[in-house]
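J.: Quick one: structure below, then a few questions.
The values are calculated or read from the model by the stated rules, or taken from the named source; none is laboratory data. These figures come from a predicted structure and were not determined experimentally. When we count neighbours, we look across all protein chains shown, and the Cβ atoms used for this are built from the backbone with ideal geometry, even at glycine. Accessible surface areas use protein heavy atoms only, side chains included; no ligands, DNA or RNA. Shrake-Rupley method; radii C 1.70, N 1.55, O 1.52, S 1.80 Å.
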Amino acid sequence: TSLTVRGCNIISLAKIMPHTGRLLSLRNLDLSNNGIGDSARSIPFYHTLECLLDKCPHLEVLSLGGNRISDDGIELLLEDRGFCGLKTLDLSGNLISLTGLKVLATALGEEGCALESLCLDGILVDDRGAEVLASALGGNSRL
């Protein structure tokens, strides 16, 4: 089962998200281009997403591309280990810097991380960011 919700504002998205937990067979959730960001008003979205990851055991693909998610949002997203069951995570076109890449690298190195595909298209990864990711990938046999 797949669900795509694009072009919503954060308020509309917050109203939709609690109902997606009823889709126990949900495998693919595409929330790209919704302008989620990581301001204070976005925090309920991240908590709802955390609950969703816990309630949808078959969710394999999460697409969050083009949502203006920066380092703080990455930290909110990855503070819960629910993402570890995902096989694909798309963070393309967001505002992630070296700080967010370090958080991501730490999460990738966690035992039990099932991620097989990570999309970072459009993220400006400099040499230092590449080093951080490369060191994380050394400890991850799936990605």
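J.: Which condition number in (1) surrounded by 20 or more Cβ atoms within 10 Å (Cβ to Cβ); (2) of a type outside the set (Ser, Thr, Tyr); (3) at pLDDT below 75 is the one that residue 10 fails?
T.: Of everything listed in (1) surrounded by 20 or more Cβ atoms within 10 Å (Cβ to Cβ); (2) of a type outside the set (Ser, Thr, Tyr); (3) at pLDDT below 75, residue 10 misses just condition (1).
J.: I would also like to ask the following. Mind listing whichever residues of the stretch 51-62 are surrounded by fewer than 17 Cβ atoms within 10 Å (Cβ to Cβ), at pLDDT below 85 and out of contact with any helix residue (DSSP H, G or I) (no Cβ under 6 Å at 6 or more places or on another chain)?
T.: Residues satisfying the conditions are 51, 55, 57.
J.: Also, I was wondering about something else. Would you pick out the residues in the stretch 66-121 that are within 18 Å of residue 28 (Cα to Cα), out of contact with any Lys or Arg (no Cβ under 8 Å at 6 or more places or on another chain) and among the acidic types (Asp, Glu)?
T.: Residue satisfying the conditions is 90 alone.
J.: Ok, one more. If you go through the stretch 81-122 one residue at a time, how many are open to solvent by less than 20 Å² (accessible area, probe 1.4 Å), aliphatic (A, V, I, L, M) and either at pLDDT 90 or above or assigned to a helix (DSSP H, G or I) (or both)?
T.: Result for the stretch 81-122: 9.
J.: Something else: Are any of the residues in the stretch 14-26 farther than 22 Å from residue 143 by Cα, open to solvent by 40 Å² or more (accessible area, probe 1.4 Å) and at pLDDT 80 or above?
T.: yes
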